[in-house]
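Everything on this sheet refers to the single structure shown next.
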Amino acid sequence: MQDKPPASPEPLILPRGIRFPHPHEFPPGTEAEQARIDQAQVTTGYRLLPNTGGAFAAYIGANAHAINLFAVFYDLALSLLPRVAAPIIAIKDGDTYAGPYTIRAAALRLFEPHIQALQHDGFLAFGLICQRDGVTEQVFVQPSKHLQVWTNQPAVARAVLARHGIPEVPDLQVMDQYPLVRESLQTPDGNATWPLVLETVRAAFTTLPPPDR
């Protein structure tokens, strides 16, 4: 049986809460920025940067379709982080909150009721981290929904991304290179979703079981 050919980059399916500005939303004198957005080619893909002499061997930045984002995050966290990890929740231009170290599966379960908001809300960021004995493994999703990975297992990370059809793209473009309009999802009563998700996840930190010894 022949090996499956590597995936090709695809135009990125954006989250509902992230978009480029419309022409009428640009202030006067920003024609160059408008032209730069017109030429943007933001695709699926990842870029790997080796790192020597630090707590991690490689940094990976990756773009995944918004509808697949949590699945990619989940598989990276499950594959790269040890059994003990800490959850992270953060807000665009706001505070970052790290929960206690706990069982990795319990940390991931914190996020599962909020998958739609985490994938689509333009203000929420989240991740998992383990730092011990001078070694870091971390998977983090920016509010722009750009995936970031700090790892000592780059081959494992590459394999996970390949399974999700995300190819290596050395000149990868990311949404944060451009001016963006960020929007929150709305609750049924018309309020922004992100404050509710933030407080719910933070409150659940206190319910996490202690890590295995």
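The values are calculated or read from the model by the stated rules, or taken from the named source; none is laboratory data. If you're wondering where the values come from, they're calculated on a predicted model, not measured in any experiment. Here the Cβ positions follow ideal geometry from the backbone for every residue, glycine too, while neighbour counts run over all protein chains shown. These accessible areas exclude ligands, DNA and RNA; they are computed on the full protein's heavy atoms, side chains included. Shrake-Rupley method; radii C 1.70, N 1.55, O 1.52, S 1.80 Å.
Residues THR193, THR206, ordered by accessible area of protein heavy atoms at a 1.4 angstrom probe radius and largest first, appear as THR206, THR193.
Measuring with a 1.4 angstrom probe and ignoring ligands and nucleic acids, LYS92 comes out at about 70 Å² accessible. Each residue was assigned an accessible area with a 1.4 Å probe, and for PHE26 the value is about 30 Å². Taking amide hydrogens as placed 1.01 Å from N in the peptide plane, the amide H of ASN51 sits under 5 Å from those of ALA58, TYR59, each at least 5 positions away in sequence or on another chain. A Cβ-based charge dipole, computed about the Cα centre of the chain with Lys and Arg at +1 and Asp and Glu at -1, lands at about 640 debye. Seen from a random direction on average, the alpha-carbon convex hull of the range 73-123 projects onto 3.7 square nanometres.
Take ASP133: with every protein chain present and a 1.4 Å probe, its accessible area is about 150 Å². For the chain, the Kirkwood hydrodynamic radius from C-alpha pairs, put into Stokes-Einstein at 4 °C and a viscosity of 1.567 mPa s, yields a diffusion coefficient of 71 µm² per second.
Solvent exposure of the chain amounts to 52 Å² per residue of accessible area, where only protein heavy atoms count and the probe is 1.4 Å.
What part of the accessible area of the chain, given as a whole %, is carbon or sulfur when the probe is 1.4 angstrom? So the carbon and sulfur contribution to the accessible surface is 54 percent.
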